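The values are calculated or read from the model by the stated rules, or taken from the named source; none is laboratory data. Just so we're clear, the structure is a prediction, and the values are computed from it rather than from any experiment. Here the Cβ positions follow ideal geometry from the backbone for every residue, glycine too, while neighbour counts run over all protein chains shown. In case anyone asks, the SASA skips ligands and DNA or RNA and just uses the protein heavy atoms, side chains included. Shrake-Rupley method; radii C 1.70, N 1.55, O 1.52, S 1.80 Å.
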Amino acid sequence: MHSLRPRTNADLPVVASWVPNAEALYAFAGPWMTWPFLPEELDDLHRRPGATAWMLDTSDGEPVGHVQLTPVDDALRIGRLIVAPSVRGEGRGRRLLRLALDHAGARGVSRVQLGVLASNTPARRLYESLGFVADPETLDAPMMLMARDI
């Protein structure tokens, strides 16, 4: 079983270790961070009013996923979602995203949105399977916007 818990500063080096290169950093954080980066640079919630960051832990307490939730207009933006490389392909991303959606719903949010690289087919398939729909205006863009109601 997995649980979602608030991210702590002790988690920052763990999350940073899951980002091996500039390409992975761009997929994880978009253009707002540059390679190389320091783990402390992930601690930027203070610049995003109302933003929270969460870790997915195994039942043994091992962190295997990270997600950030940021209020944007009338929605909650899901960002910086990443799963530990050692467990990719095992459904942890799906579990993390479902828990994030549950958390958003508990906050009274009715809509969630996210950005995903158009070339990131596994992530796009995951989001689509959970009801996210691409914004038609971004279908041909390198970074697609997707959203869904809760």
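So, in the stretch 30-58, of the ones that are in contact (Cβ under 8 Å) with a residue 24 or more places away in the chain and out of contact with any helix residue (DSSP H, G or I) (no Cβ under 8 Å at 6 or more places or on another chain), which residue ends up nearest to Leu114 (Cα to Cα)?
Gly30
Could you please tell me which pairs satisfy a Cβ distance under 6 Å, a separation of 6+ or placement on different chains, a first residue in the stretch 116-140 that is under 15 Å from Leu97 (Cβ atoms), and a second residue that is open to solvent by less than 50 Å² (accessible area, probe 1.4 Å) and assigned to a strand (DSSP E or B)?
Here the result reads Val116/Met144; Ala123/Val116; Arg124/Val116; Tyr127/Met146; Phe132/Met146, each pair linking the stretch 116-140 to a residue that is open to solvent by less than 50 Å² (accessible area, probe 1.4 Å) and assigned to a strand (DSSP E or B).
Among Val19, Val67, Val83, Val87, which is surrounded by 14 or more Cβ atoms within 10 Å (Cβ to Cβ) and more than 24 Å from Met143 (Cα to Cα)? Walk me through how you get there before you give the answer.
Working: Val19 fails: more than 24 Å from Met143 (Cα to Cα); Val67 fails: more than 24 Å from Met143 (Cα to Cα); Val83 fails: more than 24 Å from Met143 (Cα to Cα).
Testing whether each residue is surrounded by 14 or more Cβ atoms within 10 Å (Cβ to Cβ) and more than 24 Å from Met143 (Cα to Cα) leaves just Val87.
Looking at Arg92, Arg98 in this structure, which one is in contact with a Gly (Cβ under 6 Å, 6 or more places away or on another chain) and open to solvent by 20 Å² or more (accessible area, probe 1.4 Å)?
Answer to the check: Arg92.
Could you check the stretch 85-121 and list, in sequence order, the residues that are assigned to a helix (DSSP H, G or I) and either acidic (Asp, Glu) or more than 15 Å from the chain's Cα centre (by Cα) (or both)?
If the condition is that a residue be assigned to a helix (DSSP H, G or I) and either acidic (Asp, Glu) or more than 15 Å from the chain's Cα centre (by Cα) (or both), then Ser86, Val87, Asp102, Gly105, Ala106, Thr121 are the ones that fit.
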